[in-house]
Amino acid sequence: MRVIHAMWLRQLKKYWRSKPRMIGMLGQPMLFLLAFGFGFGPIFEKAGQGNYLMFLAPGVIAMSILFTAMFAGIEVIWDRQFGFLKETLVAPVSRTEIMIGKTLGGATVAFIQGIIVAIISIAIGFRITNPLYVPLALVFMFLIALLFTALGTAIASRMEDMQAFPLIMNFLIMPIFFLSGALFPLEGLPTTFGTIIRINPLAYGVDGLRGTLSNAAHIGIHIDLGVMIAVTIVISIIGTYCFSKIEI
Amino acid sequence: MKNESAITVKKLVKKFKDFKAVDNISFDVKQGEIFAFLGPNGAGKTTTIKVLTTLLHPTEGKISVNGFDPVKETDKTRSSFGIVFQDPTLDVDLTANENMEFHAAMYHVSKKEAKQRIEHLLKLMELWDRKDELVKNFSGGMKRRLEIARGLIHHPKILFLDEPTLGLDPQTRNKIWTYIKDLNKKQNMTVFFTTHYMEEADEVADTIAIIDHGKILIQGTSNKLKQKTKTKSLEQAFLKLTGRSLRKENGSFKETFRNINRMWRG
Ligand SMILES: Nc1ncnc2c1ncn2[C@@H]1O[C@H](COP(=O)(O)OP(=O)(O)OP(=O)(O)O)[C@@H](O)[C@H]1O
Ligand SMILES: [Mg+2]
């Protein structure tokens, strides 16, 4: 427990100390909320889909968690380059424990980031439809955070340096985001597109958040929750395995 | 498994792709011994240490650390040694004290004991008054001192030191070795270290092995090495054995990065 706590605390401290990064990571969701929210809002409403901000905010909250979590996971590469990873890898603790501590730390940071975006959304007009669902919404937020921190760690465990990072950004993180239904509704999509979205775990996270916060789930909260829990467990196991195989 | 040896290495080979960084070496380190592992740049010292400390898998050969097999019994092996790496491994976004506390947690040193040892070691390394400063603001020598202090928080059966005193002034080096020799005596702690300071090896090591191009050339006490090579000092013996030419590094990006890093730190 002490090891997990130490790993967790380290990540929180680092996050708290790097204010520019913290603010930088908030810039993007803010931009999406304002530009899309106010830009597309009128079109969305004309199409008879209701208030766009109600639709968009859960998506942007999920987005901010996705990005922060992935970056937190990929941080392993920095730890490797600056040598700190060696300090943890030769310590008499199992790599599973290290992985749990790191993932919880990264996920906590991403979760906090999501909360901040939620607060900003409310400040610009988003309204939670049923406060009773807030605890479940928090569960969804934490699951998204856990899943993608573990995924980031798994990927980073296989990478030597940051060179492949743009590849991951453009061919993994961006598609996961854009093809999750965070920005547009899932109804009436061409089938191929729909299929891709069906195998994207973030789609379930977004839908779950939308269901709990805006009462507008498309897939259904129960399925969302089940899929998120299952995928998070699988990815965590894969991540732990990849992490345990690191050679320096 | 009980035996007299702290470390046993038999016919160890470590290849990186086709390149043999460690080429069929064998040696034995007795419990409670101070063992110096010397060799020119790129000889394979760090690679050997990484294999012994579970960071790399051996390509061939048998090794045992404290009676454990670092390949199969990784967790048991890890709980039996401590290490100070050649390359920096501090978290520069944390303070000196936080780096120390993190280490104590990782090595299961009780909070009370950790507190005392951290204070003692930071005072010894003259870092106590800067303990709450972020490590990124430290000078190269201060970082190195902190790194060594951190490696001494827990008292392992075997301590690996990869060029521990690199870039440190003579006063500090002296202090560090006095402290380590004391631990070695009082706790029968085995010490396995590398260095490029021959006088350091001459003074503290019970046994010395010289490695070059991945092969061990000679091993024994300092006197034995001098006798065999018919030289007067360890430095002369070293040069006679390993030649006077400079070492071509493998030229990889990593190596370059490391050298630059080292220059900055030095
Ligand atoms: N990960 C790696 N991939 C490829 N080659 C490597 C790797 N690590 C080390 N080498 C090579 O193995 C050889 C031995 O390196 P090693 O770091 O063990 O040398 P060393 O004896 O510690 O030298 P120094 O005194 O410079 O620290 C070098 O030629 C080095 O370039
Ligand atoms: Mg070395």
Original post:
Using modelled amide H (1.01 Å from N, peptide plane; none on Pro or chain starts), what sits under 5 Å from the amide H of B:LEU161, excluding residues fewer than 5 places away?
Top reply: B:VAL84, B:PHE192, B:PHE193, B:THR194
**OP:** Below 19 Å Cα-Cα, how many Lys pairs turn up in the range B:102-166? Only count pairs eight or more apart in sequence, or on different chains, if you could.
**Re:** 9
Subject >> Accessible area of the range A:2-244 divided out per residue, in Å², using a probe of 1.4 angstrom >> reply: 42 Å²
**OP:** Place +1 on the Cβ of every Lys and Arg and -1 on the Cβ of every Asp and Glu in chain B, take the dipole about the Cα centre, and give the residue among B:TRP177, B:ALA6, B:LEU225 whose Cα lies farthest towards its positive end.
**Re:** B:LEU225
**OP:** Just the number, please: buried accessible area between B and A, total of both chains, 1.4 angstrom probe, nearest 100 square angstrom.
**Re:** 2800 Å²
**OP:** Just name one of A:LEU202, A:PHE111, B:LEU246: the one whose Cα is farthest towards the positive end of the charge dipole of the protein assembly as shown (beta-carbon charges, Lys/Arg +1, Asp/Glu -1).
**Re:** B:LEU246
**OP:** Using a 1.4 Å probe on the heavy atoms of the protein chains only, list every residue of the range B:64-97 that has 30 Å² or more less accessible area in the complete assembly than in its chain alone.
**Re:** B:ASP75, B:ARG78, B:PHE85, B:THR89, B:ASP91, B:ASP93, B:LEU94
Subject >> Extension gain from A:VAL139 to A:TRP16, taking 0.36 nm per residue of separation minus the Cα-Cα distance >> reply: 42.0 nm
**OP:** Find out how many positive minus negative residues lie around B:ASN24, taking Lys and Arg as positive, Asp and Glu as negative, among other residues whose Cβ is under 14 Å from that of B:ASN24.
**Re:** +4
Subject >> Coil-residue trypsin sites (Lys or Arg not before Pro) of the range B:1-37, DSSP, other Cβ within 10 Å capped at 12 >> reply: B:LYS2, B:LYS17
Subject >> Net charge, B:LEU225 excluded, C-beta distance under 12 Å - Lys, Arg +1, Asp, Glu -1 >> reply: +4
**OP:** Grab the other residues whose beta carbon is less than 15 angstrom from that of B:ALA114, score K and R as +1, D and E as -1, and report the net.
**Re:** +4
Original post:
What is the spread of the Cα atoms of the protein assembly as shown along each of their three principal axes, largest first, in whole Å?
Top reply: 95, 49, 43
**OP:** Over the protein assembly as shown, with every protein chain in place, what whole percent of the accessible area is carbon and sulfur at 1.4 Å, could you tell me?
**Re:** 61 percent
Subject >> Sum of -39500 (n - 2.57) over DSSP H runs of 4+, divided by residues of chain B (222 nm, nearest 500) >> reply: -12000 deg cm²/dmol
**OP:** With +1 on each Lys and Arg Cβ and -1 on each Asp and Glu Cβ, and nothing else charged, work out how big the dipole of the protein assembly as shown is about its Cα centre, in Debye to the nearest 20.
**Re:** 1260 debye
Subject >> For the range B:36-53, 3J(HN,Hα) per residue [Karplus equation, 6.51 cos²θ - 1.76 cosθ + 1.60, θ = phi - 60°, Hz, x = Gly/Pro] >> reply: 9, 10, 10, x, x, 4, x, 6, x, 5, 4, 4, 4, 4, 5, 5, 5, 9
**OP:** Would you please name the trypsin sites (Lys or Arg not before Pro) within the range B:38-84 that are DSSP coil residues with at most 11 other C-beta atoms within 10 Å of their C-beta?
**Re:** B:LYS72
Original post:
So what is the accessible area of the range B:174-251 per residue, in Å², with the probe set to 1.4 Å?
Top reply: 57 Å²
Subject >> Relative contact order of chain B, defined on C-alpha pairs under 8 angstrom at six or more residues apart (%) >> reply: 25 percent
Original post:
In what sequence, highest mean first, do B:123-132, A:18-27 appear when ranked by Cβ atoms within 10 angstrom?
Top reply: B:123-132, A:18-27
**OP:** Can you find, among B:LEU127, B:GLY44, A:GLY24, the residue farthest towards the positive end of the dipole of the protein assembly as shown? Put +1 on the C-beta of Lys and Arg, -1 on that of Asp and Glu.
**Re:** B:GLY44
Subject >> Dipole magnitude of chain A about its Cα centre (Cβ charges: Lys, Arg +1; Asp, Glu -1), debye to nearest 20 >> reply: 540 debye
**OP:** Under a 10 Å cutoff between Cα atoms, tell me which one of B:GLN171, B:GLN31, B:GLN116 has the largest fluctuation in the Gaussian network model of chain B.
**Re:** B:GLN171
Subject >> Phi-based couplings in Hz for the range A:44-56 (Karplus 6.51, -1.76, 1.60; Gly and Pro marked x) >> reply: 4, 5, 4, 6, x, 9, x, 6, 5, 4, 4, 7, 6
Subject >> Residue-averaged 222 nm ellipticity for chain A, from DSSP H runs of 4+ at -39500 (n - 2.57), nearest 500 >> reply: -24000 deg cm²/dmol
Original post:
Per the Debye formula with a single identical scatterer at each Cα and no solvent contribution, what log10 I(q)/I(0) holds for chain B at q = 0.08 Å⁻¹?
Top reply: -0.32
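The values are calculated or read from the model by the stated rules, or taken from the named source; none is laboratory data. None of the values given here were measured: they were computed from a predicted structure. Please note: Cβ atoms are built from the backbone with ideal geometry, for glycine as well, and neighbour counts cover all protein chains shown. With ligands, DNA and RNA removed, areas are computed over all heavy atoms of the protein, side chains included. Shrake-Rupley method; radii C 1.70, N 1.55, O 1.52, S 1.80 Å.
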